[in-house]
1. Express the C-alpha Rg of region 84-133 as a ratio against the empirical globular expectation 2.2 N^0.38 Å, rounded to two decimals.
2. Taking the Cβ of Gly93 as the centre, find all other residues whose Cβ is under 10 Å away and add up their charges (Lys, Arg: +1; Asp, Glu: -1).
3. Using a 1.4 Å probe on the protein heavy atoms only, what accessible surface does Arg113 show? Give it in Å² to the nearest 10.
4. How big is the gap, in Å, between the Cα center of region 75-130 and the Cα center of region 6-53?
5. Per 0.36 nm of contour for each residue apart, how much would the distance between Arg94 and Ser33 grow if the chain were fully extended, relative to their Cα-Cα spacing?
6. Using 0.36 nm times the number of residues separating Asp116 and Asn74, minus their current alpha carbon distance, what extension gain do you get?
Amino acid sequence: MMLIEMRNKCNSKKPVVKLNFVVRKDNRHEKQSFMTRWRQIVDSVSFDEEHNWSGQDSLIETKEIFHACLRIWNSFTILWDGRAALCCLDYDGREILGNLNSQTIFEIWHGSRIRDIRNLHIKRNFSRIPLCRSCTKIR
């Protein structure tokens, strides 16, 4: 709250303050009260479903997934060393699509590995992609 008060006192629009509520089974009932409390104070409030960071968090229950991930048609992630990772949840670079040190974004985006992954998602064959196999992120 102090950050927002200081920003407003300076009559500034920055920093932009955004809150994200991670929805879990045990807090789902709090969504509306969270929104009501914060929407007039911060710049934006958003909600995300809990997920297991592509299998990194084994404490979160894996759910059956029946549709393809939208991210593989919208984006990929560039890691610090120029490697192009499949997903922003793949912070360890377990599924590498290419490398910007030797390829263009166009080449990676239209490359055989991402095409293969998209086809596996369309066929709902997530088990053939280790990174996607146990991911619970909403797709």
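1. 1.13
2. Here the count lands on -2.
3. It works out to around 80 Å².
4. Distance between centres, Cα-based: 31 Å.
5. 18.1 nm
6. So the extension gain works out to 13.6 nm.
The values are calculated or read from the model by the stated rules, or taken from the named source; none is laboratory data. Just so you know, these numbers come straight off a predicted model, no measurement behind them. Neighbour counts are summed over all protein chains in view; Cβ atoms, including those assigned to glycine, are modelled from backbone coordinates with ideal geometry. Accessible surface is based on the protein model in full, side chains and every heavy atom, while ligands, DNA and RNA are left aside. Shrake-Rupley method; radii C 1.70, N 1.55, O 1.52, S 1.80 Å.
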